[in-house]
Amino acid sequence: MNTQTKPKILVARAIFPEALAKLEESFVVRSNQTDQVFTPEELQKELASVVGALVAGSERIDASALANAKNLKVVANISVGYNNFDVPAMTAAGVMATNTPDVLTDTTADFGFALLMATARRITESEHWVRNGHWDKWSIVNNPLGMDLHHSTIGIIGMGRIGHGIAKRALGFDMNVIYHNRSRLSESDEKACGAKYVSKEELLKTADHVVLVLPYTAENHHTIGAKEIALMKPTATLINIARGGIVDDAALAQALKENKIFAAGLDVFEGEPSVHSELLQLSNVVLAPHIASATEKTRRAMVDLAIDNLRTALAGKKPPSLINTELFKA
Ligand code: DGY
């Protein structure tokens, strides 16, 4: 295709070079392989000259970002969560919003389980123990002693695709699975994933391990704060693979400091990439840099799906994972 006739798109974060090269065959691409996150002002300027954009959670797409984006038709998120999108503002501007569901479900559930195991069995703390030369202090009673997963109760808050994946893995560990969700699953679905519906309060009081997998919405802000942590067992663990802001990180840090719960495993943080300074000081928390979907295969699948969404939208068809479906006129 002649450069003159190629539409211009923005790829706001670094992507795999082969995927970028393929895009360059059909589009004039403003890429950002240095991966320096755009400021809101820069993003607004970049969006002003393109018909489509590939972004990630670091790019907030709202009325201000769209202010000068007169030709923009689609913004494809390379992420299943889309709390970086102001969907009503995108819809009002006639901009299709897409995300990347399904392709990351198992990888993310695997990681949720890995983080749970690392937290309950104090794996990172034990590694530091070895690295710091404490092995000579090994004893029956003086190792970092953890909590069991097998035959314990796991409480899943948010029973979507990834919640189902966590439940499936928990059954393999002979765990008792309870869940809380905005809407209860059908009887057959509950049976299939071996999970019992309980109130949030009952879940917090009875679970040995609480795993958060719900989407971030204004309503879900601080789903877990000091009041909720106070309901948990002192032996319980809390795992957040959902979104920063679902947990009140300051309240959690305080509770961990006072050993109100056993430990926490966090892949997401309020205001990430910043991490609450007190969390960084504590040994009873396992910290990860938002990597639940980070395997080579899955990140490639996410990029490919986002590109498919972008291409399909720009071809005037309904993208496979369109969020604001009301925009698409068949
Ligand atoms: C998602 O896709 O929402 C994950 O959090 C990304 O890593």
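Summary of values
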| item | result |
| --- | --- |
| Residues (in contact with a helix residue (DSSP H, G or I) (Cβ under 8 Å, 6 or more places away or on another chain) and open to solvent by 30 Å² or more (accessible area, probe 1.4 Å)) located in segment 165-180 | 168, 169, 180 |
| Of all residues making up segment 284-328, the number that are open to solvent by 30 Å² or more (accessible area, probe 1.4 Å) and over 24 Å from residue 26 (Cβ atoms) | 10 |
| Residues that are touching a Ser or Thr at 6+ places or on another chain (Cβ under 7 Å) and without any contact (Cβ under 8 Å) to a residue 12 or more places away in the chain, drawn from segment 40-58 | none |
| Residue within segment 42-50 that is over 30 Å from residue 171 (Cα atoms), under 23 Å from the mean Cα position of the chain (by Cα) and away from the ligand (no atom under 16 Å from the Cβ) present | yes |
| Residue match in segment 149-156 (condition: assigned to a loop (DSSP other than H, G, I, E, B) and open to solvent by 30 Å² or more (accessible area, probe 1.4 Å)) | yes |
| Within segment 243-329, helices (runs of 4 or more DSSP H) holding 3 or more residues that are within 16 Å of the ligand (Cβ to nearest atom) and basic (Lys, Arg) | 296-314 |
| Pairs with Cβ under 6 Å, 6+ apart, first in segment 148-171 and within 20 Å of residue 233 (Cβ to Cβ), second of a type in the set (D, E, K, R) and open to solvent by 10 Å² or more (accessible area, probe 1.4 Å) | 150/174; 151/174; 152/208; 153/208 |
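The values are calculated or read from the model by the stated rules, or taken from the named source; none is laboratory data. This one's a predicted model, so the numbers in the text were calculated from it and none came from an experiment. Every residue, glycine as well, gets a Cβ built from its backbone with ideal geometry; the counts of neighbours run over all protein chains shown. Surface accessibility is based on the protein's heavy atoms, side chains included, excluding ligands, DNA and RNA. Shrake-Rupley method; radii C 1.70, N 1.55, O 1.52, S 1.80 Å.
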